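Remarks on the structure that follows.
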Amino acid sequence: MRNLTVTATLANSITSAAIVNEGTLSLINSTFSDNHIGQGSTIYNRSGGTLTVTNSTFSANVYQGNFPGVVPTDHGGILNDGTLSVTASTFSFNQGAIGNRGALSVTGTTFSGNRAAISNSGTFAIVTESTFSDN
């Protein structure tokens, strides 16, 4: 998917999200802002899912619920239980940018003003050439 804009989503269920991925999904040049998710994340990449995010922006996304095994500040942007690759993207002022419980690779990405930038309890998280500021 290219040039997707998702804003002001309100969702409240155990698997709620603006996007739930269980297969293979690429998001390029997309914007996710001001989403308020009850018990999921703006994007939920389920176990077995492969998600690639490139040159995209996540801002002011809020996790409002109680997802089992996840601290409330872990995510507002992306909750990953599968395989996630993020490149040349920006996460700003999210309750939490990325909650990782799978495999995560981040390159050339900026995290600024998030309540939590990356929360990792997954298989691995590799972060290179990225900027963290005021998280």
Name the residues whose placed amide hydrogens come within less than 5 Å of the amide hydrogen of Val53, ignoring near sequence neighbours (fewer than 5 apart) on the same chain.
Leu27, Ser85, Val86, Thr87
What order, most packed first, do the peptides 125-132, 99-106 have when packing is the mean number of other Cβ atoms within 10 Å of each residue?
99-106, 125-132
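Rule-based calculations on the coordinates, nothing more; no lab input. As the structure is a prediction and not an experimental result, all values here were calculated from the model. Cβ sites come from the backbone with ideal geometry, for glycine too, and all protein chains shown count toward neighbours.
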